[in-house]
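Q: Encoded as C-alpha cells, here's the structure I'll be asking about.
The values are calculated or read from the model by the stated rules, or taken from the named source; none is laboratory data. It should be emphasised that the depicted structure is a prediction, and the values quoted were computed from it without experimental measurement. Please note: Cβ atoms are built from the backbone with ideal geometry, for glycine as well, and neighbour counts cover all protein chains shown. For the accessible areas, the whole protein counts, side chains as well, though only heavy atoms, and no ligand, DNA or RNA atoms are used. Shrake-Rupley method; radii C 1.70, N 1.55, O 1.52, S 1.80 Å.
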Amino acid sequence: MTEKPKVGVYVCHCGINISSTVDVDAVAEFAQKLPDVKVARTYSYMCSDPGQVLIKKDIEEEGLNRIVVASCSPRMHEPTFRKAIAEAGVNPYFLEMANIREQCSWVHEEIEEGTAKAKKLVSASIAKVRLLEALETKEVEAEPAALVIGAGIAGIQAALDIADAGFQVYLVEKTPSVGGRMAQLDKTFPTLDCSACILTPKMVDAANHPNIELLSYSEVEEVNGFIGNFDVRVRKKARYVDFDKCTGCGDCASECRVKDRIPSEFDQGMGKRSAIYLPFPQAVPAKYTIDAGHCLYLTRGKCGKTPKCQEVCGAGAINFEQEDEFVEFKVGAVIVATGFDPFDASRKPEYGYDDYPNVITGMEMERLVSASGPTGGKIKIFNGEEEIEPKEVALIKCVGSRDSSVGNEYCSRVCCMYVAKQAHLIRDKLPDANIRIYYMDVRAFGKGFEEFYDRVRRENVRYIRGNPSEIFKRGNKLVVKAEDTLNSRPLEDEVDLVVLGVGLEPRADMRGVMDLLRLSQSPDRFFLEAHPKLRPVDTATDGVFLAGCAQGPKDIPDTVAQAKAAAASAMIPLARGKVTINAQVAVVNEATCRGCAYCVNICPYTAIEMVTVNRFGNEVEVARVNEALCKGCGSCSAACLSDSIQPKSFRDSQILPQIAALGVMR
Amino acid sequence: MLMSSEIQTFTEKYDLLGCIQCGRCTGGCPVTVRANLNVRQFVNDAYDEDKLEELARLAEIWDCTACHTCAVRCPKGLKPLEVLIGLRTMIVESGKVEPTVRDALQSVLLEGNPWEKSRATRLDWMEDLDVKIADPDEPVENLFFVCCTIAYDPRVRAIARNMVELLNKAGVDYAFLPEDESCCGSEVFTLGEEGLFEMQVEDSTEFLNEYQAGRIVTLSPHCFTTYKTHYPDLKSPVIHYTQLLVELLNNGKLTWKGELPKKIVYHDPCYLGKQGNIYDEPRELLKSIPGVELLEFERRRERSLCCEGGGGKMWVESESKKERLSETRIKDARALGADVVAVACPFCVLTLEDSMKGLGLEEEMRVVEIMELLGELMEK
Ligand SMILES: Cc1cc2nc3c(=O)[nH]c(=O)nc-3n(C[C@H](O)[C@H](O)[C@H](O)COP(=O)(O)OP(=O)(O)OC[C@H]3O[C@@H](n4cnc5c(N)ncnc54)[C@H](O)[C@@H]3O)c2cc1C
Ligand code: SF4
Ligand code: SF4
C-alpha cells in the first residue's frame, strides 16, 4: 500500500427510502470519527448527477483516495459510482458500498435499530475500503459471429438481424425444418394473417442468407469459453439422405413401405407420414430425412429386397451408411431461442383428453382448421361411427395455466387470444354451430386484442364465465361439467367437440441447453433473465441472451420484439470487437498452492485449470485462473486448504477486518 | 404466513382471498345435481364476517359429502369444502345439531367410535380367528388399523376377517391393534367438531407412535386419507390394504381357487382415488381373478362419481328428493351389464348396496368390497 488511505463516506437519504428509518446525519457523524475518514456527508440522492459531483469535488479538494457510499444494493449503482470516481482519477476499485437500504431501512421499522445497523455496515465498509488494492480492467478480442440455438420465429428473426448487420451467424435447429410452432399455426391473432404466408419468406431468407450457416437437424454438443470467445461443437445428425443430392421431389416418401403409417409431428399426430419425410410442404431446407426410429431398413435391417426409397430416388441421394457429423466454430455471443412445449392435456385427467377423441387441444385445432392440415381445413369429427360436423362446440381456456394443481402458476399469455381466434375460425367454417368459450378472465392486453375480442363475441360466440371442472361422455355427447359463475348456476353442458386451450410450458428437454450454457430457471421454470425489468434478454452468463418463449410464454409480436432485442444486445460485443473482462477475479499464490485441484472441481464456471510450473528447480502442478471465465464468486477460495486462491477485492485480509468491524449483530 | 398461535380470521384460515371465483369447485361438485349447494358461492360470501352465522344456518352446508372434488380441482390450492366444515363447526359449537350427529360425536368421545358401540366390544369381529395382536415392544412390518365401521358393522366385518385369513395364509409379518385403537376422526373432522378432532389427532398420534411399525395398513380409505393428511407427526408411513395386496400378488403370494366368470365394474371411492391417488391397485387385484371381465364406468378414476357416503352423510339425511348419486351409479353399472359392483371402501358398500336394493336389483347384481370377494376365492 503506497499512499495512506483518505476515506470519504457518503450517506444517501434515498429520498425518504433510507432516511425515514435511518438517522443519516447520525451515521455520517459517526463515520467522521473513524480512522482514516477525511470527509463524511449525507445527500438526498447520491446517485444523481449533483450527488456524483459532490464526491468528485471532494476527491479533488480533499485528496480522497478511497470512497464509501452508504446507499442501496451494489447491484444497483456500483457501476455508477465506480465510473464517477474513475473520472476523478481514483482507481474504480477503491470503492465500497454499504447497503443501508435493502439490508437496513427496508427491513427495520424502528429508527434506533435502523440507525445502529447502518452505523455497523458503514464501519465495516470503511474497514475494508482501506485495505483494497487497485485493479486493472482488461479487454480481449471478440469473435464477430453469433450462435443462435433454435429456429422458431424467435431464432430466425434474431439470426436475420445479426446477419443483416454483417456478422456471421450459425443457426442450429434440432428438427429437420426451421419454423418452430408458428409454422403449425393456421391464422394468427389479432390480425388473422395466415401464419405460413408471413413466416415462410423468413424461413427461406434464413436459409439463403450469405451470412447465415443453417445447421438443421443438428444439436449443440459443447460450448466452452466466454463472452467474445465461445468454442462451439455441433452434431449434425445423420439424415441418411445426401443433403446436396436430394432435390426434394418426394418420390421416396410416396413409395415408402410404411407410408401413411407414422403419426406426423407437424399435424399433431392427426395426419400420417412416411418414414422418409419432409415435415411439411414448405419445410426449409426442402430436404428429406429418414426417421431412424421408424424406417424398416434401419430398425430391422431389411425393407423388402431393397429399400423402396433407394429404388426410386433418381438423384441417388439415399445413403444408409451416413453417420453423424461434427462441426466446430467460434462465436462471440449466443442466443437461446429454444421455445416452448404445449401443456400436455393428459395431465388434467378430469378433462378426459386421453379417453375422448373429440376432446382436442388448441394445437390440434390449429391443424384441424388449416387448409394444409390433415382434413384440408374441414372441421369434422366422428360421432360414434358416423362422421359429422360438430354443432355444439366448447372451448376451454386456462388449461394447464394459472393452475397450481399442475404446478403452473403463471398465465400463458396467448391462450385467451388464440381461443378467441379459433372460435372465429370455427364460426367461419361452421356458421350454424353453437360456440361457447368457458373462461375465468379475458386478458386482451395487446395491441388490437380487445378489439378482436369484441369482434369475436359479436360473431355470436358465447362467453360463459366459469372454468369447467370435468368432462365425461353421455351417449354420443360430451358433458362439460361447469358452473356459470355469473348466475351461480351449475351446468352439465352437452357438446360435440371440446377444444382445450392448453398453455405453454418450458421445454421438457431444456436441461441440456441449461447445462451447456450454465443458465438458470425462474420460478416458472422458463429460462431466467438477468434482471426482470432492466436486463430482460440477458442471462447470468455474459454473452448469452434469450429470445422468444424460451424465456416465458409470449405471442408472436412479443417474440419478434424480444428476438430483435436479443440480436441487438448480442451485437454489442461483435460490433465492438472487444470485451471487457471482470477485474475482481481469483488469483493463485503459486508459491503456496499444493496442486490438490480441489478448486478446479468446485469452480462453477470451469475457470480454473492445472498447469505445471517450475518451483525452485522442481516441476510442480499449480492451479491457474482463466481471468476471462472467472466471475469472482469465491467458491474456490472457500475450498482451498492452504488459502492459496483468493478473489481480488475479497481476500481474507480484506473481508476478515470487514466482518470484525460488524461486531456481533443484534 | 400466520403462526398457528395467532388467532386467524375465517378469511385467513381458509385462504378466501386466494380464490379467483373460477367456479371449478362448484363445477365439479357432484351433489349440485340434487342439492342446492354452491360451494364457490360460500367461498365468496364467507369473506363477510357478519354474514357467517346466516351462512351457517343454511341447510345445504350439510349436503357436502367431503368427496374433495372441489379441493382437487381448485387451481389455487384452496379447500372449498373446509369452508363448509368451518360453518358446520359454528353450528356444532352452538349445540344446535341433529340428534344423530350429536350422538355419533358423543360416542367418539366416550367409546372411540361413532357407532354408539362399546369400546369393550371393538375386537368382537375377531371371534374364532387366529389374530396376531400388536405389542409395543415387538417390531412389526405391517400394523393394521381397523376402521370403526368395519369393526362394528356386521355387513362389512368380512373385510377385516378375510384379511386376517389372507395374511395368515400368505405368511405376512403383521399385527392388529388392540382394543384401545380409536376412530381416526375422518367423520368427526367433516362434521365440524374441530376440538374433538384435534384431540383425536393428538391422542391417536401418541398411541400409534408407541408401536414399532414398518408401516400402518388401513382397511378403509377414509382412515387412510385422514392419517395421511391430518396426522403430520405419525412415525410410520400409512398405506391402504390394496397396496399391500398388490405387493403380495407380485411376489406370487396370492392365488385364487377356481374361476369367477363375472362382469365386474370397479367404483373408485373418493377417499381412495381422488384423495389418495390410488387407482390401479384395486383394478390389478380384480384382474388377477381368473374369469373376471373388468368393466369400467364412463366416470371413473379422477372423474369418478361420489356415492355420497362421506362427509358425515351417514348421520345426516339429505332433504333432496332427487335421485341419489349411488342410484345413478347402480343404474350406470346395470347399463354396462355388470354382475358385480366392486369397491374398496366400507361406506361405498353401504350406500351402493342400499340403492341397489332400493332399485330392486338384488337378484341381478351384487355390491361387494374387494376383500369380501377375495375371501371367497381364497384357498383355505
Ligand atoms: C395453439 C397455439 C396457438 C397460437 N396462436 C398464436 C397466434 O395466433 N398469434 C400469436 O401471436 N401467437 C400464437 N401462439 C404463440 C406462438 O406459437 C409463439 O409465440 C411462437 O411460436 C414462439 O416462437 P419461438 O421461436 O419462441 O418458439 P418455438 O416456436 O417453440 O420454436 C423453437 C424452436 O427451437 C427448436 N429447438 C428447441 N430446442 C432446441 C435445441 N436444444 N437445439 C436446437 N433447436 C431447438 C425447436 O425445434 C423449434 O423449432 C400460439 C401458440 C399456441 C400453442
Ligand atoms: S375452485 Fe378454488 S379458486 Fe376456483 S372458485 Fe372454487 S375455491 Fe375459488
Ligand atoms: S367436497 Fe365434494 S360434495 Fe363437498 S363441496 Fe366439495 S365437491 Fe361438493
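Q: To make sure I understand the rule: partners must be lysines, Cα under 21 Å from the Cα of A:Lys187, and not fewer than 8 residues away in the same chain. Which ones qualify?
A: Straight-line reach from A:Lys187, under 21 Å: A:Lys202, A:Lys378, A:Lys380, A:Lys397, A:Lys421, A:Lys429, A:Lys447, A:Lys554.
Q: In addition: Seen from all sides and averaged, what is the projected area of the convex hull of the Cα atoms in the protein assembly as shown, in nm²?
A: Averaged projected area of the protein assembly as shown's Cα convex hull equals 54.2 nm².
Q: Cut-off 10 angstrom, C-alpha nodes, Gaussian network model of chain B. Which of B:Ala59, B:Ala333, B:Ala134 fluctuates the most?
A: The residue with the greatest mean-square fluctuation here is B:Ala59.
Q: Take the alpha carbon gyration tensor of segment B:3-123, find the square roots of its eigenvalues, order them as a ≥ b ≥ c, and report rounded if a/c is under 1.5; if not, report prolate when a/b exceeds b/c, else oblate.
A: Note, shape of segment B:3-123 comes out prolate.
Q: Probe 1.4 Å, all protein chains in place: accessible area of A:Met510 in Å², nearest 10?
A: 20 Å²
Q: Rounded to the nearest 500 deg cm²/dmol, what is the calculated helix-only ellipticity per residue at 222 nm for the protein assembly as shown, with -39500 (n - 2.57) per DSSP H run of length n ≥ 4?
A: Computed ellipticity for the protein assembly as shown at 222 nm equals -9500 deg cm²/dmol.
Q: Still on this structure: For an R0 of 35 angstrom, estimate the FRET efficiency from the Cβ-Cβ distance between A:Lys578 and A:Glu62 and round to the nearest 0.05.
A: Calculated value: 0.45.
Q: Looking at A:Thr289, B:Asn251, B:Leu17, which one has the Cα that reaches farthest to the positive end of the dipole of the protein assembly as shown (charges on Cβ: Lys, Arg +1; Asp, Glu -1)?
A: It is A:Thr289, whose Cα lies furthest towards the positive end.
Q: With charges only on Cβ, +1 for K and R and -1 for D and E, what is the dipole size of segment B:4-94 about its Cα centre, in debye, rounded to 20?
A: With only Lys, Arg, Asp and Glu charged at Cβ, the dipole is about 560 debye.
Q: Mind giving me the nanometre distance, one decimal, between the label points for B:Glu298 and A:Glu621, set 7 Å out from Cα along Cα→Cβ?
A: Distance between the two pseudo-spin positions: 7.1 nm.
Q: Let me ask something additional. Taking every DSSP beta bridge that has both residues in chain B, what percent is antiparallel when rounded to the nearest 5?
A: For chain B, the DSSP antiparallel bridge percentage is about 5.
Q: Which order do B:His222, A:His77 take when ranked by solvent-accessible area (1.4 Å probe, heavy atoms of all protein chains), largest first?
A: A:His77, B:His222
Q: State, to one decimal in nm, how far the label point of A:Asp164 lies from the label point of A:Thr299, with both points 7 Å from Cα in the Cβ direction.
A: According to this spin-label approximation, the distance is 4.4 nm.
Q: What is the percent carbon and sulfur in the accessible area of the protein assembly as shown, measuring with a 1.4 Å probe over the protein chains and ignoring ligands?
A: 49 percent
Q: Can you count the Lys pairs in segment B:255-377 with C-alpha separation below 29 Å, eight or more apart or on different chains?
A: 27
Q: If A:Cys309, A:Cys194 are ordered by their accessible area, calculated over protein heavy atoms with a 1.4 Å probe, which sequence runs from highest to lowest?
A: A:Cys194, A:Cys309
Q: Rounded, prolate or oblate, given the Cα gyration tensor of chain B, with a/c below 1.5 counting as rounded?
A: Because a/c hits 1.5 or more and a/b fails to exceed b/c, chain B counts as oblate.
Q: For segment A:341-505, just say rounded, prolate or oblate: build the C-alpha gyration tensor, square-root its eigenvalues into a ≥ b ≥ c, call rounded for a/c under 1.5, and beyond that prolate if a/b exceeds b/c, oblate if not.
A: rounded
Q: For an R0 of 35 angstrom, estimate the FRET efficiency from the Cβ-Cβ distance between A:Glu311 and A:Val204 and round to the nearest 0.05.
A: 0.65
Q: Where nothing but the Cβ of Lys and Arg (+1) and of Asp and Glu (-1) is charged, how large is the charge dipole of segment A:42-129 around its Cα centre, in debye to the nearest 20?
A: The dipole magnitude comes to about 300 debye.
Q: If you take the charge dipole of segment A:452-585 about its Cα centre, with +1 on Lys and Arg Cβ and -1 on Asp and Glu Cβ, which of A:Leu546, A:Leu504, A:Tyr463 is farthest toward its positive end?
A: Projecting each Cα onto the dipole axis, the largest value belongs to A:Leu546.
Q: Which angle from 0 to 90°, rounded to the nearest 10, does the C-alpha axis of helix B:194-209 make with the longest principal axis of chain B?
A: 30 degrees
Q: Helix A:111-129 versus the longest principal axis of chain A: what angle, 0 to 90°, nearest 10, using Cα atoms?
A: Roughly 80 degrees between the two axes.
Q: Also, quick follow-up: Could you work out how much longer the chain between A:Glu109 and A:Ser522 gets when fully extended? Use 0.36 nm per residue separation minus the Cα distance between them, nm to one decimal.
A: Length gained between A:Glu109 and A:Ser522: 145.6 nm.
Q: Can you compute the equivalent ellipsoid semi-axes for segment A:251-312, i.e. the square root of 5 times each eigenvalue of the Cα gyration tensor, sorted largest first and rounded to whole Å?
A: That gives 19, 13, 10 Å for the three semi-axes.
Q: Another question about this same structure. Using the alpha-carbon atoms, what tilt in degrees (0 to 90, nearest 10) does helix B:80-94 show relative to the longest principal axis of chain B?
A: For helix B:80-94, the angle is close to 80 degrees.
Q: Using each residue's phi in segment A:495-510, evaluate 6.51 cos²θ - 1.76 cosθ + 1.60 at θ = phi - 60° and report the 3J(HN,Hα) Karplus result to the nearest Hz, with x for Gly and Pro.
A: Coupling constants for segment A:495-510: 9, 9, 9, 10, 10, 8, x, 5, x, 10, 10, x, 5, 5, 9, 5 Hz.
Q: Find how much the distance from B:Arg155 to B:Asn277 grows on full extension, using 0.36 nm per residue of separation minus their present alpha carbon separation; answer in nm with one decimal.
A: Gain on extension, B:Arg155 to B:Asn277, equals 41.3 nm.
Q: Let me ask something else about it. Using a 10 Å cut-off on Cβ atoms, rank the peptides A:458-469, A:557-568, B:284-295 from the highest mean neighbour count down.
A: Answer by packing, highest mean first, reads A:557-568, A:458-469, B:284-295.
Q: While we're on this one: Report the label-to-label distance for A:Thr191 and A:Ala134 in nanometres (one decimal), using points 7 Å from each Cα along the Cα→Cβ vector.
A: Those two pseudo-labels are separated by 5.7 nm.
Q: Still on this structure, please answer the following. Pairs A:Lys4/A:Lys578; A:Lys330/A:Lys564; A:Lys128/A:Lys578: which are spaced more than 27 Å apart, C-alpha to C-alpha?
A: Those over the limit are A:Lys4/A:Lys578; A:Lys128/A:Lys578.
Q: Next up: Suppose every K and R has +1 on its Cβ and every D and E has -1 on its Cβ; what is the size of the dipole of chain A about the Cα centre, in Debye to the nearest 20?
A: Dipole about the Cα centre, nearest 20: 220 debye.
Q: Here's a follow-up. Order these peptides, A:351-360, A:31-40, A:495-504, A:116-125, by their mean beta-carbon neighbour count within 10 angstrom, highest first.
A: With the highest mean Cβ count within 10 Å placed first, the list reads A:495-504, A:116-125, A:351-360, A:31-40.
Q: Between A:Tyr356, A:Leu528, B:Leu110, whose Cα lies farthest towards the positive end of the dipole of the protein assembly as shown when Lys and Arg beta carbons carry +1 and Asp and Glu beta carbons carry -1, centred on the Cα centre?
A: Checked the options; the winner is A:Leu528.
Q: Using r as the Cβ-Cβ distance of B:Leu109 and A:Ser44, and R0 as 60 Å, what FRET efficiency do you calculate, to the nearest 0.05?
A: For B:Leu109 and A:Ser44, the calculated efficiency is 0.35.
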